[in-house]
Amino acid sequence: MATIHVDGKAYEVDGADNLLHACLSLGLDIPYFCWHPAMDSIGACRQCAVKQYKDKDDTQGKLVMSCMTPSTDNSWISIADEEAKTFRSEVVEWLMTYHPHDCPVCEEGGHCHLQDVTVMTGHSRRRYDFRKRTHRNQYLGPFVAHEMNRCINCYRCVRFYNDYAGGTDLGVFGSNNNLYFGRHQEGVLESPFAGNLTEVCPTGVFTDQTHSDRYVRKWDMQFAPSVCHQCAVGCNISPGERYGEIRRIENRYHGELNRYFLCDRGRFGYGYVNRTDRPRQPEWRSEQADNTVILEVDPALDRGADLLRSAKRVIGIGSPRASLESNHQLIKLVGRDNFSSGVAAAEQACLERMAELESSCGLPIPTVREVEAHDAVLVLGEDLMHSAARLALSLRQAVLARRDALAEERGIPIWNAEAVKILAQDNRHPLFIAYPSATELDEISAGSWQLAPADIARLGFAIAHIIDENAPAVTGLDETLATAAQAVARQLMAAKRPLVISGGSLESTQVLDAAGSIARALSRRARRAGLMLIRREANSTGLTMLGGRPLEWALDEIVEGRADALVVLENDLYVRLPEARVEAALDTATALVVLDHQRTRTWQRARLGLAAASFTEADGTLVNLEGRAQRFYQVFDTSYMRPESRIHESWRWLHALRISLIRGEDSTITLDQATEACAQDYPALADIVASSLSADYRVKGVKLARAPHRFSGRTSLRANIAVSEPRTPQDPDTPFTFSMEGYSGFDRPRKEVPFAWAPGWNSHQAWNKFTDEVGGHLRGGDPGVRLVAPRPGAYRYASDIPAAFEPQQDRWQLLVLPRLFGGEETSSRSAPIEERAELPTIGLSSADAARRGFEQGASLTLETETACLTLPLRCDQRLPAGIVSIPAGISSEFSSGDWARLEASGPDHKEARE
């Protein structure tokens, strides 16, 4: 610790910080541009100048850049010094020389860091009367819009994009003050984190293109604390709504999870919420499928109860994209013995194995932030950039963190970004990856191997045996893998904090067992090691804790006559199992009730469809891959914004349906009651009650505001319907109001913050006011509660070591590989994600393609015993021989592990004869 004196007051700070970081952590305001709390200092903008004195008797002092000056003990500085204030004002004036006078039409207006700093420095009058330099803007894809004329040359964009996120297609061109930040030519930004440029940029150079299509000012939107539903990482987000539509997704700070950044699927994949073809009222279909009747709520419940009452046995099918509360209410409706998780058997086997390993292997699950502190990492069977992109970004920081250690050895402050980067060069912490195809993290890895799932498992078991001889040995391991196993084991044993990452992407329990064996071996040697296992969907972890049978079991119960009615919760069965198997069950069922917020193929078959709320219209709890239970909150009231709407949370529908079924009188239920009921029935979930604020929480006697204070002219919430505004709806489920009325400050620490705002800070940098220190944790504690902890001593080494993979002459083992854009059910319904997704292809090793005479881009037909698929061929030099791959999200007819034949379907193909 160090004592610094700021304008005559003494403060205790961390001596390892620079002055800017220290002062901002104290709540003091210093303007800045080039500095970012996640990317440290380069001293490019000169905006953070303060006066520094030699000692308390020095009256002259000198100007220094606070971001480049250490917080040494007994430092004396002044922020309010007139010379420093004048200098900061002049810096803004220089930077604004070429900046356009377009705040009223700029999309960044109202939450712009440049506006904040301009006001903070007192710069209010432009003296530059000459012609401004202009640039041509670029098309950068469906996510990010470009307005280069607003640039102030802070370099934040390229530092994030290239240095932090590892992108290669965004650069800076020119010299002096005539710079251009963009691509070498127009085109889609390739990084899966490009959307963060909209928040990293302190001006309006990079803006949210999806927001531009339906633009509205920040102060005219409602927000709520929410959780991303597009993968299992559980990043915290702030969805913004206007007129019943979600207009944008902003990052919501969480000190243990996403901190400042999101992946592009989480940021831009919300479009399915706004689809015009969504079901918004209950729908009843008569025996003739073309006759659909729109129902009110009570008649819908009555008909649903009649349907289920007449059935001999009802099966409930849950969903890993539905909340704990909704799945639990379905269990209460049909009974535990009649509940299916809604997940295919192969995936469920992996989910159950992951849950077993996490509780028994002896290693804790690190948080996403803690991943950055691990100094040796092994990834088995996962392409993290496609299965858990935000985790991949943290893993990149873990690998690059070797430079911090080198800097500390030489006495270089780790916040001196450029000096540390130049010192480190290519020195990195070791990262090892075993996966069937090349991954985007391979370029920073110490070793990567492209292997079939069986060989990935064998490599993992061999590593475990080297670390601990009690682990079973792998016989017949080829020399290449044996050498690789030695190298990986040596680095894991030498590390202070080794980490093993695996998951269910390959649907191989043997790969998971191999990862568990390594974790078990490390738990006996390294106290600070970790194990992280990747799931596919937002609530896969929570659903596994509730239990339930596989989806195949549910359909078999119907087909074989042991049940005759189905209730399907937020789940499209056609994307999980082959069509013929689903059709056989739905044709047999006498009653089908479907709850969903999308008009899926399963919804189209329903006798009764109940319009469910999406994550922006509902409250509920999810459990992420860390085992962290987090609550997401309703952003707006659908019945108020759309009077014709009859959308309700699935847990509310299911509770009311159960009450109607037993002819009860009171069908009302609150969120707190639904959460408490789930916790009572499942002891492992008991702590979810404490994971968030209850509905009776108040600050200074008032609820919390969902909207920034103040609206422009008190704009009507329903101005698109009528200027006259009825009373805003009341929210009995949460401590939030559906308006700007209520508490919206930052001085009362709390976990649930719907949007970032503090006096003088309208931009995203306002999050610094909510944390215990810049880049630290929320002062009220980070949201959520961890539910999973290891139980030492209960795990035994797995002994089911697979045989080495043997390629076959005319058959290939099929792998369905995850993909970030287009591989997830709901986000793939969003137009920007559709546009961003690459065209699906069949992946085949270059050697196999040459052997069969297949050419790159040729039309190829993949055929299994039950289905066939025709796609262009993509020759992959790094894919193992005997393996063929297709991307996830294009067909449910195929599963990883199937054996397939390949035939050219084009007329010009000339197959090599053997």
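Of note:
- The listed residue being modelled with pLDDT of 95 or more, open to solvent by 10 Å² or more (accessible area, probe 1.4 Å) and out of contact with any helix residue (DSSP H, G or I) (no Cβ under 6 Å at 6 or more places or on another chain), out of Tyr260, Tyr243: Tyr260
- Any hit, the stretch 723-743, residues being among the aliphatic types (A, V, I, L, M), open to solvent by 10 Å² or more (accessible area, probe 1.4 Å) and over 27 Å from the mean Cα position of the chain (by Cα): yes
- Asp169 being under 24 Å from Arg390 (Cβ atoms) and either at pLDDT below 95 or open to solvent by 10 Å² or more (accessible area, probe 1.4 Å) (or both): yes
- The criterion of at least 3 residues that are of a type in the set (S, T, N, Q) and surrounded by fewer than 20 Cβ atoms within 10 Å (Cβ to Cβ) is met by none of the strands (runs of 3 or more DSSP E) wholly inside the stretch 751-864.
- Yes/no for Tyr139 being under 26 Å from the mean Cα position of the chain (by Cα) and over 30 Å from Val399 (Cα atoms): yes
- Pairs linking a residue in the stretch 726-748 that is farther than 18 Å from Leu693 by Cα to a residue that is β-branched (Val, Ile, Thr), with Cβ atoms under 8 Å and 6 or more positions apart or on different chains, are Thr728/Thr737; Ser739/Thr728; Glu741/Val702; Glu741/Thr728.
- Cβ-Cβ distances below 8 Å connect the following pairs, each with a first residue in the stretch 689-704 that is in a helix (DSSP H, G or I), a second residue that is among the charged types (D, E, K, R) and open to solvent by 70 Å² or more (accessible area, probe 1.4 Å), and a separation of six or more residues or different chains: Val689/Glu676.
- Within the stretch 426-444, being in a loop (DSSP other than H, G, I, E, B) and either touching a helix residue (DSSP H, G or I) at 6+ places or on another chain (Cβ under 9 Å) or closer than 18 Å to Val377 by Cβ (or both) holds for Asp426, Asn427, Arg428, His429, Pro430, Pro436, Ala438, Thr439, Glu440, Leu441.
- Under the condition of being closer than 20 Å to Ile42 by Cβ and either assigned to a helix (DSSP H, G or I) or under 21 Å from the mean Cα position of the chain (by Cα) (or both), the residues counted in the stretch 408-425 number 9.
- Of all residues in the stretch 210-225, those that are open to solvent by less than 10 Å² (accessible area, probe 1.4 Å) and either part of a loop (DSSP other than H, G, I, E, B) or free of Cβ contacts under 8 Å to residues at least 12 places away in the same chain (or both) total 3.
- Looking only at the stretch 643-669, residues that are of a type outside the set (D, E, K, R), open to solvent by 20 Å² or more (accessible area, probe 1.4 Å) and under 28 Å from the mean Cα position of the chain (by Cα) come to 1 in all.
- The stretch 39-53, subset open to solvent by 20 Å² or more (accessible area, probe 1.4 Å) and over 15 Å from Asp81 (Cα atoms), residue farthest from the chain's Cα centre (by Cα): Arg46
- Qualifying residue in the stretch 505-528 (condition: touching a Ser or Thr at 6+ places or on another chain (Cβ under 8 Å), of a type in the set (Ser, Thr, Tyr) and under 20 Å from Leu817 (Cα atoms)): yes
- Residue among Val144, Val105, Val117 that alone is open to solvent by less than 50 Å² (accessible area, probe 1.4 Å) and either farther than 30 Å from Glu82 by Cα or in contact with a helix residue (DSSP H, G or I) (Cβ under 6 Å, 6 or more places away or on another chain) (or both): Val144
- Test: residue in the stretch 58-74 that is open to solvent by less than 40 Å² (accessible area, probe 1.4 Å), part of a strand (DSSP E or B) and more than 23 Å from Glu93 (Cβ to Cβ): no
- Any hit, the stretch 104-117, residues being assigned to a helix (DSSP H, G or I), more than 27 Å from Ala419 (Cα to Cα) and of a type in the set (Asp, Glu): yes
- The helices (runs of 4 or more DSSP H) falling completely within the stretch 445-555 that include 2 or more residues that are within 17 Å of Ile365 (Cα to Cα) map to 509-523, 540-546.
- Evaluating Thr870 against the criteria (1) hydroxyl-bearing (Ser, Thr, Tyr); (2) surrounded by fewer than 21 Cβ atoms within 10 Å (Cβ to Cβ); (3) assigned to a loop (DSSP other than H, G, I, E, B) leaves one unmet condition, (3).
- Consider the stretch 180-190 and keep the residues that are under 28 Å from Leu391 (Cβ atoms) and surrounded by fewer than 24 Cβ atoms within 10 Å (Cβ to Cβ). The one that is nearest to the chain's Cα centre (by Cα) is Glu190.
Let's see how each residue does on (1) over 15 Å from Ala165 (Cα atoms); (2) crowded, with 20+ Cβ neighbours inside 10 Å; (3) not hydrophobic (A, V, I, L, M, F, W, C):
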site: Ser394; (1), (2), (3): no, yes, yes
site: Arg402; (1), (2), (3): yes, no, yes
site: Glu418; (1), (2), (3): yes, no, yes
site: Lys421; (1), (2), (3): no, no, yes
site: Gln425; (1), (2), (3): yes, no, yes
site: Ala434; (1), (2), (3): yes, yes, no
site: Leu441; (1), (2), (3): no, yes, no
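- Screening the stretch 499-535 for residues that are buried (at least 24 other Cβ atoms within 10 Å of the Cβ) and basic (Lys, Arg) and picking the one that is farthest from Phe615 (Cα to Cα) gives Arg520.
- Leading residue by the ranking (surrounded by the most Cβ atoms within 10 Å (Cβ to Cβ)) among those in the stretch 556-591 that are part of a helix (DSSP H, G or I) and touching a residue at least 60 places away in the same chain (Cβ under 8 Å): Leu573
- When Gly266 is tested against (1) part of a helix (DSSP H, G or I); (2) surrounded by fewer than 23 Cβ atoms within 10 Å (Cβ to Cβ); (3) touching a Lys or Arg at 6+ places or on another chain (Cβ under 8 Å), exactly one condition is not met: (2).
- Tally of residues being over 12 Å from the mean Cα position of the chain (by Cα) and touching a residue at least 60 places away in the same chain (Cβ under 8 Å) across the stretch 379-407: 9
- Flag for Ala849 being in contact with a Leu (Cβ under 6 Å, 6 or more places away or on another chain) and farther than 26 Å from Glu370 by Cα: no
The values are calculated or read from the model by the stated rules, or taken from the named source; none is laboratory data. Please read these numbers as outputs of a predicted model, since none were measured by experiment. Counting neighbours? That spans all protein chains shown, and the Cβs are built from the backbone with ideal geometry, glycine included. Side chains are part of the model used for accessible areas, which takes the heavy atoms of the whole protein and leaves out ligands, DNA and RNA. Shrake-Rupley method; radii C 1.70, N 1.55, O 1.52, S 1.80 Å.
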